[in-house]
1. Please go through segment B:84-130 and pick out each residue that is of a type in the set (Gly, Ala, Ser) and either within 15 Å of residue B:54 (Cα to Cα) or touching a Gly at 6+ places or on another chain (Cβ under 8 Å) (or both).
2. Tell me whether segment B:29-48 contains one or more residues that are part of a helix (DSSP H, G or I) and modelled with pLDDT of 70 or more.
3. If residue A:108 passes every condition in (1) of a type outside the set (Gly, Ala, Ser); (2) touching a strand residue (DSSP E or B) at 6+ places or on another chain (Cβ under 8 Å); (3) surrounded by fewer than 22 Cβ atoms within 10 Å (Cβ to Cβ); (4) within 30 Å of residue A:370 (Cβ to Cβ) but one, which one does it miss?
4. If you go through segment A:322-334 one residue at a time, how many are assigned to a helix (DSSP H, G or I), over 19 Å from residue A:402 (Cα atoms) and not acidic (Asp, Glu)?
5. Name the residue that is surrounded by the most Cβ atoms within 10 Å (Cβ to Cβ), counting only residues in segment B:68-84 that are over 22 Å from residue B:106 (Cα atoms) and touching a residue at least 12 places away in the same chain (Cβ under 8 Å).
6. All but one of (1) crowded, with 23+ Cβ neighbours inside 10 Å; (2) at positive phi hold for residue A:224; which doesn't?
7. Considering each of A:308, A:371 in turn, give the residue that is closer than 21 Å to residue A:237 by Cα, of a type in the set (Asp, Glu) and at pLDDT below 95.
8. Within the bounds of segment A:61-79, is there any residue that is charged (D, E, K, R) and within 30 Å of residue A:123 (Cβ to Cβ)?
Amino acid sequence: MTHASNEIAGIPGVYGTPVDNHAPCTRHRVDHMGWITVCDVLEQGRADLMGLWADASEVHMALFVQSERIAVVSISVEGGEYPSVSRRHLPSLRLERAIADLFGHKPVGMPDPRPWLDHGRWPGKRRSTKPAQPYVFLPTKGEGVHQIPVGPVHAGIIEPGHFRFTANGETIVRLEERLGYTHKGVESLMEGADLDRGARICGRVCGDSTVAYAIAYARAAEAALGLEVPERAHALRGVMAELERIANHIGDIGAICNDAAFVLMLAHCGALRERTLRAADAAFGHRLMMDRVMPGGVRADLTPRGEDAIAELLIRFDAELPRLMELYDDTASIKERTSTTGILSADLARRFAAGGVVGRASGRDFDARRDLAYPPYDRLDFTVPQINSGDVNARVWLRFEELWQSISLIRQIVADLPPGPIACGIPTQIGEIREGCGVAEGFRGDVFVWLRLDTDTRILRCHPRDPSWFQWPLLEAAIEDNIVADFPICNKSFNCSYSGPDL
Amino acid sequence: MRTLIARSLFSKPLTVPAPTADEASCRDVAAALNHRARQRLGRSLAIRAIDAGSCNGCELEMHALNNAFYDLERFGLRFVASPRHADVLMVTGPVTWNMREAVERTFAATPAPKWVVAVGECACTGGIFAGSYACVGAVEAVLPVDLRIPGCPPTPTAMLQGLLALLAPTKPVATG
């Protein structure tokens, strides 16, 4: 079926041809000019980049546009090329480099043509691979500057990545990240998988956000298939998502303080995190709640025992969290390390559409739970805390504030848990190709998943976009002019994912 | 801060009783380890974690070993910052091709005698990522593995049970 070109909802002045069977929004195919106009819209700040990915013949872009909705536009790759987005809007650069590595599409005019995920080491089973060449880091010149290479194997129990510091004495003048070490080929593994296997893979793109990924994936599948998910399933997803947020936020607060040698905080936060994981285990049968959310609903219902475990956990937070906030706020030695350290400017946070704590601690007022209101959040009462100072202290304090919101959200959900089934049936034959996208607010920010299913609901293409894609580059900016010794607390206060964006 | 510390001093410790070493792990380890190496290292082992492409799930649970509930250090086990200080390498993930060289070099930088523990489903078998163009697969495809702790991710208790097998007394094994 052919359609007439029409104006894309939320992006005035941009016209495209609607593509069939894409939900919940329409996907539009745009021409060369339309694509460039969309890039300009991004750079002018009239829309936020939500994702940029490709398949064999097209490059797709998701945007968060006016009137709080998502728009998806696509451009056909002609002769292996398409107009570079990062040429006009730099935050898309690493996504574009990844597309070039995985699909070979050449972004014309891309300012940095170096590979990103492809380190020249894949044995070339299906993707073309470039011969291993030494990676050229950006040059730094100046009197007295020296380089400090760190990683990929780091000193702590953390994920692998390489940091190249250029320092002048103690002061960092440039940080350049090189990631991709944990590239597992998840998108390729999902091709041809059924929905269930896809959910298990998607839940392991980034293990600390497994619930958020599973919800975004499920929502994409449900949009594509037009499923009505039972209310109870939505509610239980909300409980899991907030438990995941609590576990990660409290763990991060402890870890940030530990990186400034304030071990007392880590000890207390570590114990609270453990209690959170135990409550999750009691309630849903897995400490990280992996494989509990699936397309159509959830796999585990909340038992009375689980309900008690969660209630007990929240009572403990009520008692202990104020003490920990006081401990943090009243200890000058830790505040001295976190205040005015690693400042991320509001302008950069906005341009990069940084999600999560990183964005909200630098004045970017966005939370997918509110701004793309999805169940169960559309019927719950909560606020989105926001701070403008953008330093490590802001990112610590915001985590405390968000913990209170999550605690309140869980209480609201559990107090009014809808009865009924926890999953709906899923068709196995749909007779046509369908596409869908979904978003879920994880503890790091908005996780976006795009899905294309074939006639018997097998995955043709799935792209999960981690929030860290738009946060990692900002760490490079925030660390400038800080001392090398403050890198760990800056890095931990961002707590970007490696595995998520490495795919 | 004072009240918080005082409260901690007078409250019961959170630490759970030590689990018993996993029997299967004990057998694996006894077969893999030379009695003399054990004597030399005694009951104190320094552990270096290597993420070889994990999803970060195993790392989170490895972190938990340090919290007050599991308190790894009471067993003489501790995480160290450099492979040069390590006796044990705990490797997670399906060994991505992009990490392979770093894994091999970390192993080479670890002084003998040394043991390799594959932690988690991916490290044991390649897990859900087995067969990907970007993954080598199980850790044993790259390094000699002495102990496997399966699970996705293994619970801290499972990790503790596996690690305790490294410390369990063994009979001298005749070496040829």
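1. Keep residues of segment B:84-130 that are of a type in the set (Gly, Ala, Ser), which gives B:86, B:93, B:102, B:108-109, B:112, B:118, B:120, B:123, B:126-127, B:130.
Within segment B:84-130, B:93, B:102, B:118, B:120, B:123, B:126, B:127, B:130 meet the criteria.
2. Pass one, segment B:29-48, residues part of a helix (DSSP H, G or I): B:29-32, B:35-41.
Subsequent filtering for residues that are modelled with pLDDT of 70 or more retains none.
No, the conditions are met nowhere in segment B:29-48.
3. In the conditions (1) of a type outside the set (Gly, Ala, Ser); (2) touching a strand residue (DSSP E or B) at 6+ places or on another chain (Cβ under 8 Å); (3) surrounded by fewer than 22 Cβ atoms within 10 Å (Cβ to Cβ); (4) within 30 Å of residue A:370 (Cβ to Cβ), residue A:108 misses (4) alone.
4. Taking segment A:322-334 as the starting set, the residues that turn out to be assigned to a helix (DSSP H, G or I) are A:322-330, A:332-334.
Now restrict to residues that are over 19 Å from residue A:402 (Cα atoms): A:330, A:332-334.
Narrowing the set further to residues that are not acidic (Asp, Glu) leaves A:332-334.
Of the residues in segment A:322-334, 3 are assigned to a helix (DSSP H, G or I), over 19 Å from residue A:402 (Cα atoms) and not acidic (Asp, Glu).
5. Of the residues in segment B:68-84, the ones over 22 Å from residue B:106 (Cα atoms) are B:68-76.
Next cut, touching a residue at least 12 places away in the same chain (Cβ under 8 Å) only: B:68-72, B:74-76.
Working: B:68: 15, B:69: 19, B:70: 24, B:71: 17, B:72: 19, B:74: 9, B:75: 18, B:76: 13.
Top of the filtered list is B:70.
6. Of (1) crowded, with 23+ Cβ neighbours inside 10 Å; (2) at positive phi, only one is false for residue A:224: (2).
7. On the way: A:308 fails: at pLDDT below 95.
Answer to the check: A:371.
8. Step one: list which residues in segment A:61-79 are charged (D, E, K, R), which gives A:68-69, A:78.
Next, from what is left, pick out any that are within 30 Å of residue A:123 (Cβ to Cβ): none.
No, segment A:61-79 contains no residue that is charged (D, E, K, R) and within 30 Å of residue A:123 (Cβ to Cβ).
The values are calculated or read from the model by the stated rules, or taken from the named source; none is laboratory data. Source: prediction; values computed, not measured. Positions of Cβ are backbone-derived with ideal geometry, glycine not excepted, and every protein chain shown enters the neighbour counts.
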